[in-house]
């Protein structure tokens, strides 16, 4: 256990980043596979209205995930910095507070979601044709929210102590189970939308059991005790302050999807909502590895920054930024050269595929810049700098994308929705670059003063 901590400060940065980021990236891809696999089987088994229903439900699932990530990312930042500074009791308390907060919020979300489901779905853009499919799906999904939130927060804590492989295994087991159960429940049992949701919930409960057993068996520096599970209000405030940037990014993503769906319904129709749902899931296979790299390098950066080793901290930043840019280029290339094959996975509707190809090419035209922007926000999180992390999380999806989505369709129709993405990506990149260079100069000054 101590060797994992020691490696964060001694192992060559390139090898360490690969060791932590690869499992995290694979884990994030696996995590996104829930919605992707559900959408593929629903598209084939239910049709375009089923795809549209999943697209409408996704912002609600994303909002719940945002709460879990806020707890997990904020807690992980405190845990990794505390371990780097040799303060194990504080790391333990941060872990217990993180788990209690995430699970408690998950229970509240489930209860409220089930009580107000039809009203919430209409608010999130479900048309009369989409509503029955969305209700069938989300009424089951809400039962799994507490298990999902525990699992996500627990995975962040596992990665914070350098055990990314454990996190990856938990996600792999869960995702593979979901892939097996989806066709059984959708086609064999004939449960349709509800079958996809049941498969997802069972898979989330499996992830919960794996992560719980890891900490319960004391295979970790972090473990459950009655004292640690009682939230520490000071640590909770710090968790929320640091994790607020991730919550804002994901909650803003939820809000932007709702507004995008509303704009597409107004200027296009249910089919355009389905198209955006497919694009969202297709790009997630490249977007999630970017988050995986960010999560992989955060413990390295947090540990070495906490230990005062600024040279290693800067090196981890540059390697993470370069790796993320390579992934973003691959995502751009796939969307540019293979859009028809991507849509063919989800549907055989030629009209949907034809419209979707053009939309995917427009949306992804500045995707090469996204990796730098995501890792810039993650860098400030790991350093415990809540304000710039918060600003960068707001920039792309709140300050830029939402106003563009509300404005451009008035001039360009549905094309205005699609071109909002590359414009927002480009402007957010410029802001990230400015804050990034300013922080690097500050770290260089600190390093020279301590030399």
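Quick notes
- Condition check for residue 333: part of a helix (DSSP H, G or I), within 21 Å of residue 51 (Cα to Cα), out of contact with any helix residue (DSSP H, G or I) (no Cβ under 8 Å at 6 or more places or on another chain) and modelled with pLDDT of 90 or more: no
- Any chance residue 363 is under 25 Å from residue 40 (Cα atoms), surrounded by 17 or more Cβ atoms within 10 Å (Cβ to Cβ) and modelled with pLDDT of 95 or more: yes
- Filter result for residue 336 (surrounded by fewer than 22 Cβ atoms within 10 Å (Cβ to Cβ) and over 27 Å from residue 134 (Cα atoms)): yes
- Qualifying residue in the stretch 387-397 (condition: over 18 Å from the mean Cα position of the chain (by Cα), outside any loop (DSSP other than H, G, I, E, B) and over 30 Å from residue 238 (Cβ atoms)): no
- Residue selected from the stretch 121-137 under the condition outside any helix (DSSP H, G or I) and surrounded by fewer than 24 Cβ atoms within 10 Å (Cβ to Cβ), by the criterion modelled with the lowest pLDDT: 125
- Inside the stretch 212-228, residues that are in contact (Cβ under 8 Å) with a residue 24 or more places away in the chain, more than 28 Å from residue 383 (Cβ to Cβ) and part of a helix (DSSP H, G or I) make up a count of 2.
- All conditions but one from (1) closer than 21 Å to residue 313 by Cβ; (2) over 18 Å from the mean Cα position of the chain (by Cα) apply to residue 423; the one that does not is (1).
- Check on residue 241, in contact (Cβ under 8 Å) with a residue 40 or more places away in the chain and assigned to a helix (DSSP H, G or I): yes
- Of residues in the stretch 67-90 being surrounded by fewer than 21 Cβ atoms within 10 Å (Cβ to Cβ) and modelled with pLDDT of 85 or more, the one nearest to the chain's Cα centre (by Cα): 90
- Remark: pairs (first residue in the stretch 397-413, on the phi < 0 side of the Ramachandran plot and free of Cβ contacts under 8 Å to residues at least 60 places away in the same chain; second residue outside any helix (DSSP H, G or I) and crowded, with 19+ Cβ neighbours inside 10 Å; Cβ separation under 7 Å; 6+ apart in sequence or on different chains) are absent.
- Cβ separations smaller than 8 Å between residues 6+ apart or across chains give the following pairs from the stretch 184-211 residues that are in contact (Cβ under 8 Å) with a residue 12 or more places away in the chain to residues that are assigned to a loop (DSSP other than H, G, I, E, B) and surrounded by fewer than 19 Cβ atoms within 10 Å (Cβ to Cβ): 185/191; 195/189; 198/191.
The values are calculated or read from the model by the stated rules, or taken from the named source; none is laboratory data. As the structure is a computational prediction, the values presented were derived from the model and not from experiment. Neighbour counts are summed over all protein chains in view; Cβ atoms, including those assigned to glycine, are modelled from backbone coordinates with ideal geometry.
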